[in-house]
Amino acid sequence: MEAARVLAERGHRVTLCEKSGSLGGNLIPGSVPHFKRYDRALVKWYQRQLELLNVEVEMNCEITADNISNYKPDEIITATGSKPIQSKFGSETFVTTADDILLGKAEAGKNVVVIGGGLVGCETALWLAQNGSKVTVIEMLKDILGGHGALPHMNHDMLVDLLAFQKVDIYTSSTVKSIEGGKVTAETPEGECSFTADTVISAIGYRENHALFNELKDMDIPVHNIGDSQKVHNIMYSIWNSYELAREL
Ligand SMILES: Cc1cc2nc3c(=O)[nH]c(=O)nc-3n(C[C@H](O)[C@H](O)[C@H](O)COP(=O)(O)OP(=O)(O)OC[C@H]3O[C@@H](n4cnc5c(N)ncnc54)[C@H](O)[C@@H]3O)c2cc1C
């Protein structure tokens, strides 16, 4: 959306193709909790700017190596984002992703274990605790949220305080060993611990979704890969990265 906005402002004719029915990508699950409502406002702002700039937006339009030539583009930008990293953790079917929980595609029970204490795991844990679940976070590193410095300090400290206020149990330097019979067993610094869980949420990170870029990159037309599909990061980096490209083209 940022690349389309800047390119349109600079006088290019831009078509933005989105495979789903909504613009916003990962900002959609990301902005579900009330405390993330300003991310939703950002998506609305972009939508409005694209309307004002007459950017042609095609929804439910998945670009593939077969249909891209229909657009006769002079330049192609892939901004296909990222996908949650999936891990089997045994064969239990009650492991779901934070995205599915946030989007309402899966429901969280009373006792929830979140595997992964990064930003997505911690925000999902906080949101579920605010909605009445008893939540435990298991993080393999020695600090949640990537430690001090990974996030802006005020965001880090606020999240840590809110998680404590909502009585979310946090186990760091801990690794999940098994998920069986409604229990998650983890190796923690205090030894092996078992946690009752109706729902287990995997929030162990995201991986670049650059399959489309790889398919298109050897075409005669220049192809540029931006945002999370280039490197999984955050909103700020995706916007900077897109702006930098769009002002050069
Ligand atoms: C739950 C969650 C919470 C987050 N919270 C924060 C936060 O608080 N702060 C922060 O800075 N960052 C946060 N992030 C990260 C942030 O959302 C991403 O860094 C950002 O959305 C990346 O933008 P993007 O446009 O590169 O990719 P995405 O947002 O992933 O968008 C990619 C889009 O491409 C579409 N697409 C994919 N393939 C095709 C195709 N072939 N044809 C057409 N369309 C296609 C997808 O449907 C999607 O709409 C969060 C992420 C998640 C998942």
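The values are calculated or read from the model by the stated rules, or taken from the named source; none is laboratory data. All of these numbers come straight from a predicted model, not from anything done at the bench. No Cβ is skipped: glycine too gets one built from the backbone with ideal geometry, and neighbour counts run over all protein chains shown. In case anyone asks, the SASA skips ligands and DNA or RNA and just uses the protein heavy atoms, side chains included. Shrake-Rupley method; radii C 1.70, N 1.55, O 1.52, S 1.80 Å.
Using the structure shown, decide if residue 82 is under 30 Å from residue 183 (Cα atoms) and either aliphatic (A, V, I, L, M) or in contact with a helix residue (DSSP H, G or I) (Cβ under 8 Å, 6 or more places away or on another chain) (or both). Steps first, answer last, please.
Values: under 30 Å from residue 183 (Cα atoms): yes; either aliphatic (A, V, I, L, M) or in contact with a helix residue (DSSP H, G or I) (Cβ under 8 Å, 6 or more places away or on another chain) (or both): yes.
It is true that residue 82 is under 30 Å from residue 183 (Cα atoms) and either aliphatic (A, V, I, L, M) or in contact with a helix residue (DSSP H, G or I) (Cβ under 8 Å, 6 or more places away or on another chain) (or both).
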- Note on the structure: Flagged in the range 16-44 as modelled with pLDDT of 95 or more and hydrophobic (A, V, I, L, M, F, W, C), in numbering order, are 16, 17, 23, 27, 28, 32, 41, 42, 43
- Query: Mind checking which residues of the range 158-180 are closer than 19 Å to residue 36 by Cβ and among the acidic types (Asp, Glu)?
  - Reply: 161
- Item | Positions within the range 205-249 being within 12 Å of the ligand (Cβ to nearest atom) and assigned to a loop (DSSP other than H, G, I, E, B), in sequence order | 205, 209, 210, 226, 230, 231, 232, 233, 234
- Item | Top-ranked residue of the range 144-172 - restricted to ones that are away from the ligand (no atom under 16 Å from the Cβ) and modelled with pLDDT under 95, ranked as most open to solvent (accessible area, probe 1.4 Å) | 148
- Considering the range 6-27 alone, what residues qualify as being in contact (Cβ under 8 Å) with a residue 24 or more places away in the chain and either near the ligand (Cβ under 8 Å from one of its atoms) or not assigned by TED's automatic domain parsing to the domain that holds residue 241 (or both)? 17, 18, 19, 20, 22, 23, 25, 26, 27
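If we only count helices (runs of 4 or more DSSP H) wholly inside the range 1-62, which ones have 2 or more residues that are in contact with an Asp or Glu (Cβ under 7 Å, 6 or more places away or on another chain)? Show your work before the answer.
On the way: elements: 2-9, 27-30, 37-52.
Those helices (runs of 4 or more DSSP H) span 27-30.
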- Only one residue in 57, 32, 43 is over 25 Å from residue 210 (Cα atoms), surrounded by 13 or more Cβ atoms within 10 Å (Cβ to Cβ) and not assigned by TED's automatic domain parsing to the domain that holds residue 161, so which one is that? 32
- Message: Among the residues that make up the range 186-199, is at least one of them open to solvent by 80 Å² or more (accessible area, probe 1.4 Å) and outside any strand (DSSP E or B)?
- Response: yes
- Item | Number of the exception - residue 219 against (1) farther than 25 Å from residue 96 by Cβ; (2) buried (at least 16 other Cβ atoms within 10 Å of the Cβ); (3) over 26 Å from the mean Cα position of the chain (by Cα) | (2)
